[in-house]
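Colleague: Before anything else, here's the structure in question.
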Amino acid sequence: MTQPNPTDTLIELGDAFERIAPNLTLRDCRAFVFVARNEPASLQQVQEHLAVPQSTASRTVARLNGTGAGLIDHVADPDSRRRARLTLSPKGRELIARLAVILTVLTLTVADQGLWHDPFPDDPPGYDACADTTTFRCERTG
């Protein structure tokens, strides 16, 4: 059996996203993944994560919600009428599930072929990326 090529698997990842949500920008994708990891998220949280003006964050969310790609739902916050909660729609959950499968295959392929390398070889001795909450979101295993 032929092992998948990591590059082909990465292209498949992009293709899966494009099939479900064509015409989205990289910023849109970043906002989508942020909402998936932080739901229910607020528009302000998306704005802060993307480091963009409020109007840009609003347009980004509009492209992702029911009036756009249909990947997130914009639901009224029961605690504040002026605020909304952003959660994944069923279509958004389907996309996350597909992307997770493709990423798992990619990760296993890269590891199996010995292609994995340290992306940050210049980290100082003793540096703990999991402790660096300003840069990474990490969960320890074990």
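None of the figures in this text is laboratory data; all of them are computed from the coordinates on show. Bear in mind the structure is a predicted one, so any value in this text is a computation, not a measurement. Backbone-built Cβ (ideal geometry, glycine too); neighbour counts: all protein chains shown.
Colleague: Rank these for me by crowding, 73, 15, going from fewest to most other beta carbons within 10 Å.
Modeller: Lowest count first: 15, 73.
Colleague: Also, quick follow-up: 5 Å is the cut-off here: which amide hydrogens, built 1.01 Å from N in the peptide plane, fall below it relative to residue 72, excluding neighbours closer than 5 in sequence?
Modeller: It is 65, 66, 89, by chain and number.
Colleague: Follow-up question, since we're still on this one. Projected area of the range 6-117, taken from the Cα convex hull and averaged over every viewing direction, in nm²?
Modeller: 7.8
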